[in-house]
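Visitor: Let me begin by handing over the structure; questions about it come next.
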Amino acid sequence: MTNAVVKLEHARKSFGDNEVLKDISLTVSKGDVLAIIGPSGGGKSTLLRCLTMLETLDAGSLSYGDLSVTTTDAQGRAVYGGADVIREAKTRFGLVFQSFNLFPHYTVLKNVTDALICVQKMPKDAALARGRELLAKMGLSGKEDMVPCDLSGGQQQRVAIARALAMNPDVLYFDEPTSALDPELTREVLKVIRELAAERMTMVIVTHEMSFARDVADQLIFMDGGVIVEQGRASDVINNPEHERTKAFLSNYQQG
Amino acid sequence: MEFLDALLKGMSFDVMMGLLGNGLIMTSKIFIVTLIGSLPLGVVIALARMSKFKPLSWLAQLYISILRGTPLMLQLMAIMFGPYYLFGLQMGPDWKFMACYIGFILNYAAYFAEIYRSGIQSIPQGQYEAASVLGYTRAQTFMKIVLPQVIKRILPAMGNEIITLVKDTSLAFVLGIMEMFTQAKAIAASQVSMLPYVVAALIYWVCCLVIEFILNRVEKKLDYYHD
């Protein structure tokens, strides 16, 4: 596992008395697409929020490639590295939110390029060129100077994907990227993610789109009650789930 | 102008306008100094109010509560006479101007702080999270992502306060400062005429119209997006 892009081991997270993650471990290798499915409240989002450092782990360890984000103290608690470690770690992943979270006061192009310029200190011309190129790839040429509120939800989500890709991350996380979209807009966003998968972009996707997960993901994790109930090759888990809980969950979806 | 002169006892209309004009200069000074002082002070108080360090937050809440909960006129008098009655300090003849500026700044900062807070707290958490994941520092997140959106959201409420301030400047009369309303009152008394009040009212109104016009322009400028 030398080519592990992200490695999470024995992760625990509680909110008050509610233990949301119970000893979760996962490894994503370069070029892999990992889908995470499971019922709401099962810990999927919290897992993603811990991986993206929007939440801190109580215990366990997190590393991106050769960079250890956390160490463990004598009591087994996770201790986060200093500001420079956190800053470096944040250059290694991108996150696409369910609710897009674009910056409404910035144009589409500025949404994609602003962090490149003022965080990664890329020269402005190079950043703008990269932004235009990514927007073209997302099928959004000609929308550069519009503001997010003038775009459809599907277009906004593709801008958000371009914004995350612009930072050239090692792994891209998706938190239910199509849950706020109607079926037609969902299709256009999933198409873009499929194209990224075809280019061997490393991705972790929390989703309720089962057929999409089966087709696009290499690996799949089914989470419920804060634990990984079942994991394996995506097509195996979805077509032939072993655990009763996974079977019950998947029976809610029409196989398509 | 003669029919206007006839409304005054002895004083010519031009002289009256000159006096009211002097008052307007003083009024404008109070207005501008108050804004220059209270707009940034409000940010400090709002940040203190939202601080996770509880004692600081409580202190800011107490400050806001007292400054909003007592009459501005009383606050002006407290600052004017407080140094003498509390500490026996003899303040110079210009102290009333300082007392006036300090009183207005402290009072308006309390109101501005609450408007800022409402604006800052209305920005969705997702904006902070998106900025965090992209690697923006806290300062960058505030200055580039949060603040521009806050300004758009609080503009109507700020407009309200700023227009109120135009008229509140007349409270400086309790300190014997010859701003426009004090001037109008003095002329009205000496000339036994309502004319100075009418003219003063018109001038206040025109000042507010100008401010409304400017605020509308800014609102239009920020109307290029909604969220």
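Visitor: For B:Ile66, state whether it is part of a helix (DSSP H, G or I), β-branched (Val, Ile, Thr), closer than 13 Å to B:Gly37 by Cβ and open to solvent by 40 Å² or more (accessible area, probe 1.4 Å).
Guide: Taking the combined requirement at face value, the residue does not satisfy it.
Visitor: Out of curiosity, is B:Pro83 away from chain A (no Cβ under 14 Å) and in a loop (DSSP other than H, G, I, E, B)?
Guide: No; evaluated as a whole, the condition is false for this residue.
Visitor: Here is a check on your reading of the model: is A:Ser179 among the polar types (S, T, N, Q), closer than 22 Å to A:Thr46 by Cα and either open to solvent by 10 Å² or more (accessible area, probe 1.4 Å) or part of a helix (DSSP H, G or I) (or both)?
Guide: In short, yes.
Visitor: Identify the single condition in (1) surrounded by 16 or more Cβ atoms within 10 Å (Cβ to Cβ); (2) under 24 Å from A:Thr202 (Cβ atoms); (3) within 9 Å of another protein chain (Cβ to nearest Cβ) that A:Gln120 does not satisfy, given that it satisfies every other one.
Guide: Every listed condition holds for A:Gln120 apart from (1).
Visitor: May I pose another question? When you scan region B:79-94, how many residues do you find that are among the hydrophobic types (A, V, I, L, M, F, W, C), surrounded by 10 or more Cβ atoms within 10 Å (Cβ to Cβ) and out of contact with any Leu (no Cβ under 7 Å at 6 or more places or on another chain)?
Guide: 4
Visitor: Which residue, of A:Thr46, A:Thr27, is within 12 Å of the chain's Cα centre (by Cα) and either at positive phi or not aliphatic (A, V, I, L, M) (or both)?
Guide: A:Thr46
Visitor: Considering only residues that are of a type in the set (D, E, K, R) and not in a helix (DSSP H, G or I), which ones fall in region B:50-63?
Guide: B:Lys52
Visitor: Which condition from (1) assigned to a loop (DSSP other than H, G, I, E, B); (2) more than 30 Å from B:Arg117 (Cβ to Cβ) is the one that B:Asp14 breaks?
Guide: (1)
Visitor: Here are some conditions: (1) of a type in the set (A, V, I, L, M, F, W, C); (2) within 30 Å of A:Ser152 (Cα to Cα); (3) more than 9 Å from every other protein chain (Cβ to nearest Cβ). A:Ala74 meets all but one. Which one does it not meet?
Guide: Of the numbered conditions (1) of a type in the set (A, V, I, L, M, F, W, C); (2) within 30 Å of A:Ser152 (Cα to Cα); (3) more than 9 Å from every other protein chain (Cβ to nearest Cβ), the odd one out for A:Ala74 is (2).
Visitor: Could you run through region A:78-103 and say how many residues are closer than 17 Å to A:Met167 by Cα and within 10 Å of another protein chain (Cβ to nearest Cβ)?
Guide: Summing the residues that are closer than 17 Å to A:Met167 by Cα and within 10 Å of another protein chain (Cβ to nearest Cβ) in region A:78-103 gives 15.
The values are calculated or read from the model by the stated rules, or taken from the named source; none is laboratory data. This structure is a prediction, so every number in the text was calculated from the model and none was measured. Backbone-built Cβ (ideal geometry, glycine too); neighbour counts: all protein chains shown. All accessible areas refer to the heavy atoms of the entire protein, side chains included, with ligands and DNA or RNA removed. Shrake-Rupley method; radii C 1.70, N 1.55, O 1.52, S 1.80 Å.
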